[in-house]
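As structure tokens, the structure follows; a few thoughts come after it.
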Amino acid sequence: MSSLPWRKSSFSTGDAPNCVELAPDSVGNPHLRESDDPEVVISTTPAALRAFLRAAKAGELDRLGG
């Protein structure tokens, strides 16, 4: 996974290890990781990532579990 073309979030500041990184694999599936723990990678599908981002932007995840 370290050979993937990782891109940092535009909200990231400098080289601080506190940001989300995203990279597509050779078939276009997205992978996410936090820069402070780059060995832990979440793999998903484009459709699932779109649904997650849509829900997050809409505030649907603001009050999980409560």
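The values are calculated or read from the model by the stated rules, or taken from the named source; none is laboratory data. Bear in mind the structure is a predicted one, so any value in this text is a computation, not a measurement. Note: ideal-geometry Cβ built from the backbone for every residue, glycine included; neighbour counts use all protein chains shown. The accessibility values were calculated without ligands, DNA or RNA, using every heavy atom of the protein model including side chains. Shrake-Rupley method; radii C 1.70, N 1.55, O 1.52, S 1.80 Å.
Once fully extended, how much extra length lies between Thr45 and Trp6, figured as 0.36 nm per residue of separation less the alpha-carbon to alpha-carbon distance?
Separation in residues times 0.36 nm, less the Cα-Cα distance, equals 12.4 nm.
For the chain, what is the accessible area per residue in Å², given a 1.4 Å probe and the full set of protein chains?
78 Å²
So which GluC sites (Glu not before Pro) in segment 7-57 pass both tests, a DSSP loop state and at most 13 other Cβ atoms within 10 Å of the Cβ?
Glu39
What FRET efficiency comes out for the pair Ala55/Asn18, r = Cβ-Cβ distance, R0 = 22 Å, nearest 0.05?
That pair, Ala55 with Asn18, gives E of 0.45.
With θ set to phi - 60° and the Karplus curve 6.51 cos²θ - 1.76 cosθ + 1.60, what are the ³J(HN,Hα) couplings of segment 35-42 in order, to the nearest whole Hz, using x for Gly and Pro?
Each residue of segment 35-42 in turn: 5, 7, 9, x, 7, 8, 10, 9 Hz.
Round to the nearest 10 and give me the degree value, 0 to 90, for the angle of helix 46-57's Cα axis relative to the longest principal axis of the chain.
Taking Cα atoms only, the helix is inclined about 50 degrees.
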